[in-house]
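Chemist: Handing you a structure now.
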Amino acid sequence: MAQDKTLTGVERFFDDDELIVTKTDLKGRITYCNDVFQRLAGFSEQESLGQPHSIIRHPDMPRCVFGLLWDTIQDKREIFAYVVNRSKNGDHYWVHAHVTPSCDSAGNIIGYHSNRRVPDRGILDGAIIPLYRALLEEEQRHANGKDALRASTGMVVSLLQEKNMQYDEFVAGL
């Protein structure tokens, strides 16, 4: 699906009692999206189903965070992460995401499930936005995408080693 990549700089919000819910197949294509997702993302259910979840990827989201997310869920583990998403019209919205693999009765991953809640603004402004800005700056120093991903991932690994924490401990402690 072709999408205009213009950014508006306008932030969208949702209520504390609302959840954004999506499910994807093994390739990350949307198989379910609730009405809160549709409203914030600006895509109808018909426009969303079958599309890669990356249709809402915001360019200010560091690639290394998505790399960490995919590595974690493909290892059959859940992950919590702060994510900035891009709406269809170029607006953006922040979420605190909980992503889990969905498994069949034999324990095989058959898809992924994500619930997103309203993030704590203080955590975003005080920790996440500055961290993501630094990670993006590092990624942008490299012309090669693989080198960019490797460098920003190295920054995250160093931060976690310095704090003697796993990523989930880091996010939970913010």
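The values are calculated or read from the model by the stated rules, or taken from the named source; none is laboratory data. This structure is a prediction, so every number in the text was calculated from the model and none was measured. For neighbour counting, all protein chains shown are included, and Cβ atoms are generated from backbone atoms with ideal geometry for every residue, glycine included.
Chemist: Being in contact with a strand residue (DSSP E or B) (Cβ under 9 Å, 6 or more places away or on another chain), among the small types (Gly, Ala, Ser) and modelled with pLDDT of 95 or more is true for just one of Ala172, Ala127. Which residue is that?
Modeler: Values: Ala172 fails: modelled with pLDDT of 95 or more.
Among Ala172, Ala127, only Ala127 is in contact with a strand residue (DSSP E or B) (Cβ under 9 Å, 6 or more places away or on another chain), among the small types (Gly, Ala, Ser) and modelled with pLDDT of 95 or more.
Chemist: When you scan segment 2-57, how many residues do you find that are farther than 24 Å from Arg121 by Cβ, in contact with a Ser or Thr (Cβ under 9 Å, 6 or more places away or on another chain) and in a loop (DSSP other than H, G, I, E, B)?
Modeler: 5
Chemist: Out of Pro101, Pro119, which single residue is within 18 Å of Trp70 (Cβ to Cβ), surrounded by 16 or more Cβ atoms within 10 Å (Cβ to Cβ) and not small (Gly, Ala, Ser)?
Modeler: Unique residue meeting the criteria: Pro101.
Chemist: Report the residue count in segment 122-145 for those that are surrounded by 15 or more Cβ atoms within 10 Å (Cβ to Cβ) and either of a type in the set (Ser, Thr, Tyr) or touching a Lys or Arg at 6+ places or on another chain (Cβ under 8 Å) (or both).
Modeler: 2
Chemist: Would you check which residues across segment 5-29 are within 17 Å of Arg86 (Cα to Cα) and touching a Gly at 6+ places or on another chain (Cβ under 7 Å) and list them?
Modeler: Hits for segment 5-29 are Thr6, Leu7, Thr8, Arg29.
Chemist: Something else: Going residue by residue through segment 105-121, is there one that turns out to be charged (D, E, K, R), out of contact with any helix residue (DSSP H, G or I) (no Cβ under 9 Å at 6 or more places or on another chain), closer than 23 Å to Phe14 by Cα and assigned to a helix (DSSP H, G or I)?
Modeler: Yes, segment 105-121 has at least one match.
Chemist: List pairs: first in segment 158-174 and touching a residue at least 12 places away in the same chain (Cβ under 8 Å), second aromatic (Phe, Trp, Tyr) and outside any loop (DSSP other than H, G, I, E, B), Cβ under 6 Å, 6+ apart or cross-chain?
Modeler: From segment 158-174, the pairs are Val171/Phe80.
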